[in-house]
Amino acid sequence: MRFEISKVLDAIESRVCVDPALTRAVVDLAEVVRFVDLDGGRPASMLRLGMVIDALSRQLEEEGVRVYPVVHRALLSDADLTSNERMVVRRWADDGLVEVLPNPADRVLEVADLLGLPVLSRSRFEGSQQRYPWLTKQPGRLLAPVPGPGGPTLVARVGKDSSPASAERSPVGVKLLTRVWRCSEPGCTLFGGEGGGSFADLARVERSASAQPPPTLRTGAPSCPRHDCRLSDVGTRPGIEVLSVRVDGMVRQRFVVAADRPVVVGRAPENGGGIILGPWLTDEARRWISRSHVRLELHGTDLIAQDVSTNGSGIRPGGSMDDAERVTLVRQQKRVLTTGDIVELYPGVQVGLSRNWSRGGVVNPTSVMADAPTMTMRAVDRR
Ligand SMILES: [Zn+2]
């Protein structure tokens, strides 16, 4: 029983991050865990974060969507959570997957403003509407998670359309995200401080170069939201492109190719770290697609696809569905992709820039809690 809950929390863990390129909405975790009416259960439950992620996934019609949780420090010792849940939140904090802060309400809006993301909250943020006019002016930027007929649903505060909407990053957000920042606090998991020197810490610091969250602005100075100290500017942030895997018209996963981090896509790429297509493929596609099939890398601003497969890949220039225009890439051949180009590993199995596909095309995304479909009710009854 407890083991099963851990599995669900592990699945939810894969859907939380503070990477500006991958996250799709900002949530105040301490608020979300107390939406008792979503399931009628315990006063606080981490499973409600999964329910809100599911609602976002359904409304974006996309699999695997991630959220940016801002966490009130008090949640780490909240007696309404189980000890297992508290342990998980602490682990997320230690791994830099969430921000833990003394005053999260301001930060939720700041992150949403800097990154142009929607906020999922029941608050109307009345005191902040002048500072952040999009709260009341832009449809889809403030959505309230509420119970619905088919599970929790997101309802817009402005207008009738409840599609979650992103906007351009604010000019300040764009500027902050061109640099790599360093926190003076040893072991800072958000802005790679000096660290404890362990291998895990080094890996974390390396990862954070192109995936750092936006700094907070304290009296205009870029600062660490967790440690409340000024950050130092340690250089230019590596360039990135955000890509999506689309299988039979459905966006299954987003991923980032950074200047310092090429990505291999295939049935089951060797050495971990790659994009694993296996679970989404038909038997025929699985036979055709190599374990490592195509490698994507960024050279300056050039996004390059290189075939590393046995059977070859195709490029659909500008996303053209005309087979006569499809270009074949044979093993080891490279090609610079232009906006709109789609790499096709097998008919219907595609990789392209995420911005090419405005809707995910998934009618019924898999629940993040699918590992244990009956868990939600049982978990809330028995504690
Ligand atoms: Zn810090």
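Residues that are modelled with pLDDT under 95 and either over 15 Å from V18 (Cβ atoms) or β-branched (V, I, T) (or both) are absent from the stretch 107-117.
Reported count of residues in the stretch 161-187, each being within 16 Å of the ligand (Cβ to nearest atom), over 17 Å from P238 (Cβ atoms) and assigned to a helix (DSSP H, G or I), is 0. Listed by first and then second residue, the pairs linking a residue in the stretch 172-189 that is closer than 16 Å to V111 by Cβ and at pLDDT 90 or above to a residue that is within 9 Å of the ligand (Cβ to nearest atom) and not in a helix (DSSP H, G or I), with Cβ atoms under 7 Å apart and 6 or more places separating them unless they lie on different chains, are W181/F191; W181/L231.
Within the stretch 243-255, the residues that satisfy the criterion of being in a strand (DSSP E or B) and open to solvent by 30 Å² or more (accessible area, probe 1.4 Å) are R246, M250, R252, Q253, R254.
Scanning the stretch 304-324 for residues that are in a strand (DSSP E or B) and open to solvent by 10 Å² or more (accessible area, probe 1.4 Å) turns up I304, Q306, R316. Restricting attention to the stretch 30-45, the residues that are under 21 Å from S77 (Cβ atoms) and part of a loop (DSSP other than H, G, I, E, B) add up to 8. Within the stretch 22-81, restricting attention to residues that are more than 25 Å from P149 (Cβ to Cβ) and polar (S, T, N, Q), the residue that is nearest to the chain's Cα centre (by Cα) is T23. Is it the case that some residue within the stretch 35-48 is over 24 Å from V256 (Cβ atoms), touching an Asp or Glu at 6+ places or on another chain (Cβ under 6 Å), modelled with pLDDT of 95 or more and open to solvent by 10 Å² or more (accessible area, probe 1.4 Å)? Among the residues of the stretch 35-48, at least one is over 24 Å from V256 (Cβ atoms), touching an Asp or Glu at 6+ places or on another chain (Cβ under 6 Å), modelled with pLDDT of 95 or more and open to solvent by 10 Å² or more (accessible area, probe 1.4 Å), which makes the answer yes.
For the subset of the stretch 325-344 comprising residues that are open to solvent by 90 Å² or more (accessible area, probe 1.4 Å) and either touching an Asp or Glu at 6+ places or on another chain (Cβ under 8 Å) or outside any loop (DSSP other than H, G, I, E, B) (or both), which member is farthest from G266 (Cα to Cα)? Within the stretch 325-344, the match that is farthest from G266 (Cα to Cα) is E325. Remark: pairs (first residue in the stretch 76-95, farther than 17 Å from R34 by Cα; second residue open to solvent by less than 80 Å² (accessible area, probe 1.4 Å); Cβ separation under 6 Å; 6+ apart in sequence or on different chains) = R90/L76; W92/V98; A93/V100.
The values are calculated or read from the model by the stated rules, or taken from the named source; none is laboratory data. Predicted model, so just to flag it, every value in this text is computed and none were measured. So basically every Cβ, Gly included, is an ideal-geometry build from the backbone, and we count neighbours across all protein chains shown. Heads up: the accessible areas ignore ligands, DNA and RNA and are worked out on the full protein's heavy atoms, side chains in. Shrake-Rupley method; radii C 1.70, N 1.55, O 1.52, S 1.80 Å.
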